[in-house]
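> One structure follows; several queries about it will come next.
The values are calculated or read from the model by the stated rules, or taken from the named source; none is laboratory data. Keep in mind that this is a model prediction, so the values were computed, not measured. Here the Cβ positions follow ideal geometry from the backbone for every residue, glycine too, while neighbour counts run over all protein chains shown. Accessible surface areas use protein heavy atoms only, side chains included; no ligands, DNA or RNA. Shrake-Rupley method; radii C 1.70, N 1.55, O 1.52, S 1.80 Å.
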Amino acid sequence: MRVFVTGASGHIASAVIPELLNAGHEVVGLARSENSAAAVKALGAEVRRGDLADPDGLRAAAVDADAVVHLAFDHTAMAAGDMAGAAATDRAVVQVFGEALAGTGKALLGVGMGHGDGNEHLGAAYSANPRIATGRLFGELAEQGVRTVLVGIPPVVHSARDRSGFLPMLIRIARATGVSGYAGDGSNQWSAVHTLDLARLYRLALEKAPAGAELHAAAEEGVAVREIAEAIGRRLGVPAESVPEDRRAEHFGFFGAFVSLDVPVRSGRTRELLGWEPVEAGVLADLEEGHYFRSE
């Protein structure tokens, strides 16, 4: 298939694009800047210049493709605290893709916020996330002749390719404050997946998932945040400690809104549907590899 990928110079796409190319697919990657274009070209993909604010360009790219893998998100707005604005932009982009692909049966893969795979226990967490509206839109588009597939990406996507996710953020905060912090007793859990395992899931989803599928890419269904903080503390030589609620904003900055999340995620149905079997290192083993601590 000829696959159009947004967010093509990002962390996840850096593994998804080679995975698709190695499987014989043709990839066109969206690039906003010269640096992004160079990164996409280095992966072996064709470059299409543009950005999320260009609906006509996005529509043309989708029409020209057999499938769209939408990985881009306005992380700048999210980091500034405007999650609702970033989510609104995301929904508008998905709407453009849906209009372009309606009635074609072509695939549209996006980041999912559905309850699929037996994760109804996360209802409150999902309902509080502004991206839930985009998830609902995918359901509507599936009824309009688009093979929509939602991929639920865990909070922790880890590998040597990761430069801006949850783990680098925690490491930077621990370096700056001298404490590897967590909330409460740290028993809250984050699901996790290695970047390469996630890339394999995206390829399998592109090739095999039915319309309306809600997938979850959790290789590890739940890892206690305290264990993550302790692993970081050992590597940095700083204590791992609970940060009181009244100090979390000061200690974690905007990341304080995420550190107390409890989001264990099941992926059994996804594995059965696609034959997906994660094989890469888990998050704690990946932290012990040391690559997260060599870049700074």
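> Multiply the residue gap between Leu236 and His291 by 0.36 nm, knock off their C-alpha separation, and tell me the result in nm, one decimal place.
Numbers: separation 55, 0.36 × 55 = 19.80 nm, distance 1.24 nm.
Computed gain between Leu236 and His291 is 18.6 nm.
> Could you sort Asp74, Asp162 by their accessible area in this structure, using a 1.4 Å probe and putting the largest first? If you can, show how the numbers build up before the last one.
On the way: Asp74 55, Asp162 5 Å².
The residues order as Asp74, Asp162, largest area first.
> So who's got an amide H within less than 5 Å of the one on Ala72, skipping anything under 5 residues away but keeping other chains? H placed 1.01 Å off N, in plane.
Counting only residues 5 or more places away or on other chains, the set is Thr6, Gly7.
> Okay, next question. Using only DSSP helix segments of four residues or longer, with each worth -39500 (n - 2.57), what per-residue ellipticity at 222 nm results for the chain after dividing by its residue count and rounding to 500? Don't skip to the answer; put the middle values down first.
Details: 14 runs with 129 residues, N = 296.
Value at 222 nm, helices only: -12500 deg cm²/dmol.
> Excluding the sites themselves, what is the longest stretch of the chain that contains no trypsin sites (Lys or Arg not before Pro) in a DSSP loop with at most 13 other C-beta atoms within 10 Å? Don't jump to the answer; show the numbers that get you there.
Numbers: sites that count: Arg163, Arg294.
Here the longest segment lacking exposed loop sites spans 1-162.
> Quick check on packing: order 209-216, 149-156 by the mean number of other C-beta atoms within 10 Å, highest mean leading. Intermediate results must be reported in sequence, preceding the final value.
On the way: 209-216: 20.9, 149-156: 23.5.
Descending mean neighbour count gives 149-156, 209-216.
> Then there's this: Keeping every protein chain present and rolling a 1.4 Å probe, give me the accessible area per residue for the chain in Å². It would help to have the intermediate numbers written out before the result.
Values: 12500 Å² over 296 residues.
For the chain, the per-residue accessible area is 42 Å².
> Applying the Karplus parametrisation 6.51 cos²θ - 1.76 cosθ + 1.60 with θ = phi - 60° to the phi angles of the range 4-10, what ³J(HN,Hα) value in whole Hz is obtained for each residue in order, glycine and proline being reported as x?
Each residue of the range 4-10 in turn: 9, 10, 8, x, 5, 9, x Hz.
> What does the accessible area of Thr148 come to, in Å² to the nearest 10, when a probe of 1.4 Å is used?
In the full protein context, Thr148 sits at about 0 Å².
> Once Rh for the range 152-296 is found with the Kirkwood sum over Cα pairs, what is the Stokes-Einstein diffusion coefficient at 25 °C and 0.890 mPa s, in µm²/s?
Numbers: Rh = 15.8 Å.
Estimated diffusion coefficient is 155 µm²/s.
> May I ask you to compute the full-extension gain from Arg136 to Ala53, defined as 0.36 nm times their residue separation minus their alpha-carbon distance, rounded to one decimal in nm? Working shown, then result.
Details: separation 83, 0.36 × 83 = 29.88 nm, distance 2.16 nm.
Length gained between Arg136 and Ala53: 27.7 nm.
> While we're on this one: Out of the total accessible area of the range 207-296 (probe 1.4 Å, heavy atoms of protein only), what percent is carbon and sulfur? Provide the component values of the computation, followed by the final result.
Working: 2110 of 4660 Å².
Ligands and nucleic acids excluded, carbon and sulfur give 45 percent.
> Something else: Which angle from 0 to 90°, rounded to the nearest 10, does the C-alpha axis of helix 132-142 make with the longest principal axis of the chain?
Roughly 30 degrees, rounded to the nearest 10.
> Quick one: angle between helix 13-22 and the longest Cα principal axis of the chain, in degrees between 0 and 90, rounded to 10, please.
With both axes taken from Cα atoms, the answer is about 50 degrees.
> Follow-up question, since we're still on this one. Return the single residue from Ala102, Ala133, Ala53 with maximal mean-square fluctuation; model: Gaussian network over the chain, springs between Cα atoms under 10 Å.
Ala53
> Calculate, for Ala92 and Arg172, the FRET efficiency according to 1/(1 + (r/R0)^6) with r their C-beta to C-beta distance and R0 41 Å; round to the nearest 0.05. If you can, show how the numbers build up before the last one.
Working: r = 31 Å, r/R0 = 0.77.
Efficiency, rounded to the nearest 0.05: 0.85.
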